[in-house]
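Take a look at this one; I'll ask things after.
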Amino acid sequence: MHLHRIGLCLALVLSSCSARSTLPQDAYVWQRAWKPALSTSMRQAAPLIRDWRILAAEADENGQLRVNRIDWPTVNASGKPVIMVIRIDGQLPVLEQPALRKQIVALWNEWRTRTRLIGIEIDHDCASARLDTYARFLARLRQETGQETRLYMTALPSWLGSRSLDALLAEVDEAVLQVHAVENPQSGLFNQDQALRWIMAFSLHHKPFRVALPTYGSRIGFARNGRVVSVTSEVPAEDQADDEAEWIVPPQQVAALLATLNARPVDNLQGIAWFRLPTADDQRSWGLATWMSIINGQPLHPRLTLRLEPQEQAQLFDLVLSNTGSSDAELPIDITVPCPLGDAVAGYTATPEFNRYRFTRIQPGLLHPGQHKLIGWLRCPGGVPHG
């Protein structure tokens, strides 16, 4: 099919320039299913990575670990050290369970025989009022795994006001400060200015730490009363929502924060831990090339073009966005095309104006390089519009 290019509509080129990051880079491998696309991403990303932080298991509501199956040949072929991550739900009624620690220790000992394991990270997003209990859990876990074991933990900005935070940090060798998806979903997933304020505040606690930066988006499901009932990132949600919204983290925002951190040394900041490693089949993550460009300090060059593709019926056209650049492109907010009839699909609405149609984005999104997106159709009696 011959593709007609219309000059009026859209040609967007964005770039951001910064030096290659001097901060060491870790990446979370958070996928529950190890598919070929994950192996490909690990192989391509390995030269940029210091350590993999691999999701090993998740504790259910009864404190029982659900252990993930790991593709050890892929992990070991990368030649990179591994940190074993255990996720414990922050709503777990009783954290101080000897049986839970016993399971973690057993998994630690198993992983030590399989790969180059350098530590355990506990991901437990509990309330500030439970930090003392969390500290006791970590102290006992270190005793049971051995004093030589390096122990890591994720930390939340909401803990910054707690008097128990320093005692908790004393139980680990290093923390990872999460600055994404830590506020009400209505506020979005990431704000670079707020993230920098949290980083500077956390640096005052005199504990070596890394910052977890996001590479992903989420679909948020809301009930009729506005309550959040589901968050879909890499795992489909089971809850039925009355309304849904897509949230993305624009790569340019994260690149700007990373450039700031590289240019402005922060006390105790040891590096970056990216959440999560992008893969080709991860529908809500950046493209791997975009993420690698940010780490390397290379300019981001998205380029959006708009095409009218003729349908079989005369005067009817599909409206298609394409990214012909070399990095992810954010979907445009407004597009106006001089045709008298049309309608929108896939996250856009169409509003008629005088002999024109305005297409307005209602859901944010990204197009990876080489991707195309149908956003509507048009009836143009005069043929392909120009101007």
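No value in this document is a laboratory result; all are computed from the given coordinates. Just so we're clear, the structure is a prediction, and the values are computed from it rather than from any experiment. We place every Cβ from the backbone using ideal geometry, glycine too, and count neighbours over all the protein chains shown.
How many Å³ per residue does the convex hull of the Cα positions in the stretch 58-149 occupy? Mind showing how you got there, number by number?
Values: hull volume 8.7 nm³, N = 92.
Hull volume normalised by residue count: 95 Å³.
Report the relative contact order of the stretch 25-296, percent, no decimals, based on alpha-carbon pairs under 8 angstrom and at least 6 residues apart. Can you show the working numbers first?
Working: 498 pairs, mean separation 49.0, N = 272.
This gives 18 percent for the stretch 25-296.
Net charge near residue 378: determine it from the other residues with C-beta under 11 Å of the C-beta of residue 378, scoring Lys and Arg +1 and Asp and Glu -1. Mind showing how you got there, number by number?
Values: positive: 356, 379; negative: 309, 318, 343.
Spelling it out: positives minus negatives among the neighbours equals -1.
Continuing with the same structure: Run the quick spin-label model on residue 280 and residue 128: label points 7 Å from Cα toward the beta carbon, then report their separation in nm to one decimal.
Distance between label points: 4.6 nm.
Can I ask one more? Bin width 20 Å, alpha-carbon pairs only: give the P(r) of the chain as whole percents, running from 0 to the bin holding the largest distance.
25, 52, 19, 3
Further question on the same structure: What does the C-alpha gyration tensor say about the overall shape of the stretch 272-338? Classify as rounded when a/c is under 1.5, otherwise prolate if a/b is larger than b/c, or oblate. Can you show the working numbers first?
On the way: a/c = 3.26, a/b = 2.40, b/c = 1.36.
Prolate, since a/c reaches 1.5 and a/b exceeds b/c.
Search the structure for amide H atoms under 5 Å from the amide H of residue 285, placed 1.01 Å from N in the peptide plane, and list their residues when 5 or more places away or on another chain.
217
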